[in-house]
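Quick notes on the structure that follows.
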Amino acid sequence: MPENHRKTIAPSRFPCEQEALSFVFERFPAQNNYLAWSNFEFVAEDGSINEMDLLVVCSQGACLTEIKSRPGTVSGDQSVWTSEHEGKKHTQDNPVLLANRKCKRLKSLLARQRVFRNVAVPYIEPLVSLSNPEVRCQLQGSVTNSVCLRDV
């Protein structure tokens with residue numbers, strides 16, 4: 001992807017996340033209508049600070065990607081996910097829900113901008129990337145609609 005079509009606001013402080021971003025950027029379409037920003041923050045109307053891993057905008061729409069790089073097995077449902085690796089478990093709220101909240105906050109912020117005065121703000125699709133090439137995804141049901149694995 002040409003440098004002028006992507007903007008890394010700050011490098012990731014997490015090596016696995018930075019590696020995942022590099023993987024994405026190396027395979028991105030080199031087209032003028034594909035734009036990407038990584039590692040930035042915005043302050044929403046409610047005062048919350050929202051960290052963004054990756055935002056991609058193209059003629060088909062916009063996608064906010066939350067990168068999760070844990071190795072091992074990921075299982076869970078609409079509410080809670082569990083990552084298990086080498087006998088250790090880590091439980092967290094479903095990150096798709098967090099990404100969806102960020103999408104709504106960003107859309108609300110964009111809607112207040114002058115450039116969108118007479119134009120509809122596009123829908124921003126939430127996505128969670130399980131970026132570790134060794135991850136085993138055991139998520140079930142509709143939650144998998146917003147989750148992608150690394151395509152090597």
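Quick look at the values:
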quantity	calculated
Where Gly47 falls short, out of the listed (1) surrounded by fewer than 11 Cβ atoms within 10 Å (Cβ to Cβ); (2) modelled with pLDDT of 80 or more; (3) on the phi < 0 side of the Ramachandran plot	(3)
Filtered residue count, the stretch 94-152, keeping only those that are among the basic types (Lys, Arg), open to solvent by less than 40 Å² (accessible area, probe 1.4 Å) and at pLDDT below 95	0
Long-range neighbours under 6 Å by Cβ, at least six apart or interchain, first residue within 14 Å of Thr82 (Cα to Cα) within the stretch 134-152, second in a loop (DSSP other than H, G, I, E, B) and open to solvent by less than 100 Å² (accessible area, probe 1.4 Å)	Val143/Gln78
Scan of the stretch 34-71 for residues that are in a loop (DSSP other than H, G, I, E, B), free of Cβ contacts under 8 Å to residues at least 40 places away in the same chain and either in contact with a helix residue (DSSP H, G or I) (Cβ under 9 Å, 6 or more places away or on another chain) or within 28 Å of Glu134 (Cα to Cα) (or both), ordered by number	Tyr34
Test: residue in the stretch 64-80 that is crowded, with 16+ Cβ neighbours inside 10 Å, more than 19 Å from Cys137 (Cα to Cα) and of a type outside the set (D, E, K, R)	yes
Options His85, His90; residue that is free of Cβ contacts under 8 Å to residues at least 24 places away in the same chain and open to solvent by less than 70 Å² (accessible area, probe 1.4 Å)	His90
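The values are calculated or read from the model by the stated rules, or taken from the named source; none is laboratory data. All figures in this text were calculated on a predicted structure; none of them were measured in a lab. Using ideal geometry, Cβ is built from the backbone for each residue, glycine included, and neighbour counts are taken over all protein chains shown. Accessible surface is based on the protein model in full, side chains and every heavy atom, while ligands, DNA and RNA are left aside. Shrake-Rupley method; radii C 1.70, N 1.55, O 1.52, S 1.80 Å.
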